[in-house]
Amino acid sequence: MTPQRRHEPIAQQGVSLQAPFEETDISVPGHEAVTGIVDFASGATTGRHLHGGEMVGYMVSGSVVLEQDGVAPRVLNVGDTFMIPANVTHTHTNRGQSAARMFVTYIIDKSKAVTTPVR
């Protein structure tokens, strides 16, 4: 596993990040919230990856399938929220015919990468 740069969430073909992601200090010493928008074209997937802290998300439009190790796949539709624990390998895939958008927040230790691809 090779970590991405400090605040570079994963981007794959058909998955675009609405940059810049915003970084905000929080009340937990040494931690921050990193927030942003992720867009998925029809058929796009993030590939297997993990985050150095919790990921909390909200589906703004469309739908994606969330597959994470040890948990049954879950379809996320407009208005759904989700949480992925730190260091849990997962993927998001848009299997629909239209684009999808999610708002995400990562609660991250400042010394860790936001995203690390998993092969």
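No value in this document is a laboratory result; all are computed from the given coordinates. This structure is a prediction, so every number in the text was calculated from the model and none was measured. Because the Cβ atoms are built from the backbone with ideal geometry, glycine has one as well, and the counts that use them run over all protein chains shown.
Compute, for segment 15-117, the length of the dipole vector about the Cα centre, with Cβ point charges of +1 (Lys, Arg) and -1 (Asp, Glu) only. Units Debye, rounded to 20. Once rounded to the nearest 20, the dipole reads 320 debye. For the chain, with a Gaussian network of springs between Cα atoms less than 10 Å apart, report the residue from I108, I26, I84 with the top mean-square fluctuation. Largest GNM mean-square fluctuation: I26. Both radii were evaluated on the Cα set of segment 15-117; the Rg over Rh quotient, with Rh as the Kirkwood radius, amounts to 0.96. Using only alpha carbon pairs under 8 Å that are at least six residues apart, calculate the relative contact order of segment 15-117 and give it in whole percent. With pairs under 8 Å counted, the relative contact order is 38 percent.
Which net charge results when you count Lys and Arg as +1 and Asp and Glu as -1 among the other residues whose beta-carbon is under 11 Å from that of R74? Intermediate results must be reported in sequence, preceding the final value.
Values: positive: none; negative: E67, D80.
Neighbour charge sum, excluding R74 itself: -2.
Electrostatic bookkeeping for I26 treats Lys and Arg as +1 and Asp and Glu as -1; over the other residues with beta carbon under 15 Å from its beta carbon, the sum is -4.
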